[in-house]
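Written out below as structure tokens is the structure these notes cover.
The values are calculated or read from the model by the stated rules, or taken from the named source; none is laboratory data. Predicted model only: the values in this text are computed from it and were never measured. In this analysis, Cβ positions are derived from the backbone assuming ideal geometry, glycine residues included, and neighbour counts consider all displayed protein chains. The protein model used for the area step is the full one, side chains on, heavy atoms only, and it has no ligands, DNA or RNA in it. Shrake-Rupley method; radii C 1.70, N 1.55, O 1.52, S 1.80 Å.
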Amino acid sequence: MDGEGELLPQPDIQDIRLEKVLQALGDPVRLQLMAIYAREGEQCDCDPRRFGLQHLHKSTVSHHMKVLREAGVTSTKVVGRNRHVRLRKEELDARFPGLVDVLLAGLDGQA
């Protein structure tokens, strides 16, 4: 991630558990967020409209982001009042080779 800021707590790569990742991604909203991070890279705006989630309150979207971070799917850095969120694809690929690509391919197949 670019710029200065404080990284919010997240599991180290060796502590990421497959069942926690799958549980976090078992929710359609979180799966959608993962796909957006994979496609568009780091995001610093959690406005639900930005993610096509205008039917959800901002605090609900923030909760989904927290679940992804705590499972090790994403990394969040606080820069001022902003939160910069990115998919931990390289780390997930190292821990669970091919998992992210399979999940993204499955989503593409549903479109």
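Observations
- Test: residue in the range 55-71 that is open to solvent by less than 50 Å² (accessible area, probe 1.4 Å), within 16 Å of ILE16 (Cα to Cα) and assigned to a loop (DSSP other than H, G, I, E, B): no
- Matching residues, the range 1-57, being of a type in the set (D, E, K, R) and in contact with an Asp or Glu (Cβ under 7 Å, 6 or more places away or on another chain): none
- Restricting VAL85, VAL102, VAL79 to those that are surrounded by fewer than 19 Cβ atoms within 10 Å (Cβ to Cβ) and touching a Cys at 6+ places or on another chain (Cβ under 8 Å) reduces the list to VAL79.
- Top-ranked residue of the range 1-53 - restricted to ones that are charged (D, E, K, R) and touching a helix residue (DSSP H, G or I) at 6+ places or on another chain (Cβ under 6 Å), ranked as most open to solvent (accessible area, probe 1.4 Å): LYS20
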